[in-house]
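Chemist: Can you read through this structure? Questions will come right after.
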Amino acid sequence: MTGSNELRILAVANQKGGVGKTTTAINLGTALAATGEKVMVIDTDPQGNASTGLGVAPGSRTSTSYSILAGHVSILQAAVRTEVPNLHVVPGNNDLVGFETEYMTDRNRAFRLRDAITAMRGEQSARPTEAPFTYILIDCPPSLNLLTLNALVAAHAVIVPVQCEFFALEGISQLNESIQQIRSSLNPGLEIQGVVLTMHDARTGLSREVAAEVRSFFGDKVYDTAIPRNVKVAEAPSFGKPILLYDYDCPGSRAYVALATEIIDREKTRQRAA
C-alpha cells in the first residue's frame with residue numbers, strides 16, 4: 001500500500017505510439033487494485049483506448065476527461081467503476097481533440113488537470129467514511145501536446161513504456177528533455193518513476209540488444225520486470241477486459257503483477273528516504 005492514504009499520481013507517457021502505453025496503464029491499474037490499492041485511471045487520449053480496454057463503451061461516456069479539463073464536472077463525478085474492485089476510470093473520447101485549440105490562450109491551461117486532482121482531494125477529505133484513492137494513473141496520448149503537458153504537470157512521476165523494437169530510444173531523449181523543462185518551470189518534483197520494457201521476447205537477439213541499450217541509457221530506472229510479447233495481452237482489450245480478468249495465468253498477467261509489486265516497492269523506498 002502507498003501508506004497513510006497518500007495519493008500518488010503517475011503519468012504513463014511516451015510520445016511514440018504502439019509501445020504498450022495504454023496496455024500498461026490498464027493492466028498496471030488492475031494489478032495495483034488487486035494488491036489492495038484504490039486506483040483511478042484517467043484516460044487523456046482522444047482515442048479512448050484505455051476506457052475501451054476497461055469495459056467502458058463509447059456510447060456510455062457521458063462525462064469524460066475533457067469534461068474535467070473544461071471544468072464541467074469533477075473527477076469523482078466523471079469516474080466510472082470497472083469490473084475490477086477498487087479500480088475506476090475517467091473515460092476519454094474524441095472531444096479531447098479540441099482541447100489544445102480551445103484553451104491555447106488560457107493562462108492556466110497547463111494546470112487544469114492538476115487543479116482538478118487538488119479539488120478531488122478536497123472532496124475525498126469531506127467524505128471520511130469512503131476509502132480515498134491511493135493511485136492515479138494518467139494514460140497520455142502518443143504525443144507531447146497540451147494533454148500530455150497537463151498530465152506531466154499533475155503527476156509526481158512518470159512511467160515510460162519502451163517497446164523492444166528498432167528505434168526504441170527514438171524520442172525518449174525528447175521526452176527526457178521535456179521532463180527536465182517541466183521540472184525547471186512547472187513541476188519541480190517531477191521524476192521518472194521507472195522505465196518498463198514492453199513486447200519483450202527473450203528468445204530474440206533484438207529484444208536482448210534493445211533491453212541492454214535501454215538499461216545503459218536509464219540505468220536502475222529500468223524495472224527488472226519486462227512485459228513479454230504475449231497474444232493474450234493483445235487480445236484482452238477487444239473484450240473490454242484487463243489481462244488479469246481475461247487470462248489470469250498467462251505470462252502477461254504474471255508480468256503486470258510483478259511490475260506492480262516493483263512499483264509499490266519503489267514507492268516504499270521513496271517514503272523511507274523522504
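No value in this document is a laboratory result; all are computed from the given coordinates. Keep in mind it's a predicted model, so treat the numbers as computed, not measured. When we count neighbours, we look across all protein chains shown, and the Cβ atoms used for this are built from the backbone with ideal geometry, even at glycine.
Chemist: What full-extension length gain, to one decimal in nm, is calculated for N176 and K232 as 0.36 nm per residue of separation minus the Cα-Cα distance? Kindly include the intermediate steps, with their values, before the conclusion.
Modeler: Numbers: separation 56, 0.36 × 56 = 20.16 nm, distance 3.12 nm.
Stretched fully, the N176-K232 segment lengthens by 17.0 nm.
Chemist: Do me a favour and compute the ellipsoid semi-axes for the range 9-155 from its Cα gyration tensor, root of five times each eigenvalue, largest one first, whole Å. Don't jump to the answer; show the numbers that get you there.
Modeler: Values: eigenvalues 91, 67, 39 Å².
For the range 9-155, the ellipsoid semi-axes come out as 21, 18, 14 Å.
Chemist: Among the listed pairs K38/K241; K21/K232; K38/K232; K241/K268, give every one whose C-alpha distance is greater than 23 Å.
Modeler: Values: K38/K241 18 Å; K21/K232 16 Å; K38/K232 25 Å; K241/K268 29 Å.
Where the Cα-Cα span goes over 23 Å, the pairs concerned are K38/K232; K241/K268.
Chemist: Could I ask something else about it? Only bridges whose two residues both fall in the chain count here: according to DSSP, what percent of them are antiparallel, nearest 5? Provide the component values of the computation, followed by the final result.
Modeler: Working: 2 of 28 bridges.
For the chain, the DSSP antiparallel bridge percentage is about 5.
Chemist: Sticking with this one: How far apart, in nm, are two points set 7 Å out from the Cα along the Cα-to-Cβ line at Y248 and at R121?
Modeler: That separation, rounded to one decimal, is 3.5 nm.
Chemist: In a Gaussian network model over the chain where Cα atoms closer than 10 Å are linked, find which of L76, L197, L137 has the largest mean-square fluctuation.
Modeler: Highest fluctuation among the options: L76.
Chemist: Could I ask something else about it? Sequence gap at least 6, Cα distance under 8 Å: using those rules, report the relative contact order of the range 8-273 to the nearest whole percent. Walk me through the numbers on the way to the answer.
Modeler: Values: 509 pairs, mean separation 68.1, N = 266.
Worked out over the range 8-273, it gives 26 percent.
Chemist: Which chymotrypsin sites (Phe, Trp or Tyr not before Pro) in the range 167-274 pass both tests, a DSSP loop state and at most 15 other beta-carbon atoms within 10 Å? Could the numbers behind the result be given before it?
Modeler: Values: sites: F167, F217, F218, Y223, F239, Y246, Y248, Y256; in loops: F167, Y223, Y248.
Those satisfying the criteria are F167, Y248.
Chemist: Run the simple label-point estimate for V97 and N145 please: 7 Å along Cα→C-beta, distance reported in nm.
Modeler: Here the modelled spin labels are 0.9 nm apart.
Chemist: Which value in nm describes the separation of the simple spin-label points at F217 and I192, placed 7 Å from the Cα toward the beta carbon?
Modeler: With each label placed 7 Å out from Cα toward Cβ, I get 0.8 nm.
Chemist: In debye, nearest 20, what is the charge dipole magnitude of the range 8-273 about its Cα centre with +1 on Lys and Arg Cβ and -1 on Asp and Glu Cβ, if you could check?
Modeler: Values: 25 positive and 27 negative charges, 97 e Å.
Approximately 460 debye in magnitude.
Chemist: Additional query: Suppose we flag trypsin sites (Lys or Arg not before Pro) only when DSSP calls them loop and at most 11 other Cβ atoms lie within 10 Å. Which is the longest uninterrupted stretch of the chain? Show your work: numbers first, answer last.
Modeler: Numbers: sites that count: R107, R203.
Between exposed loop sites, the widest span is 1-106.
Chemist: Something else now. Rounded to the nearest 500 deg cm²/dmol, what is the calculated helix-only ellipticity per residue at 222 nm for the chain, with -39500 (n - 2.57) per DSSP H run of length n ≥ 4? Mind dumping the intermediate values first?
Modeler: Values: 12 runs with 115 residues, N = 274.
One gets -12000 deg cm²/dmol as the mean residue ellipticity at 222 nm.
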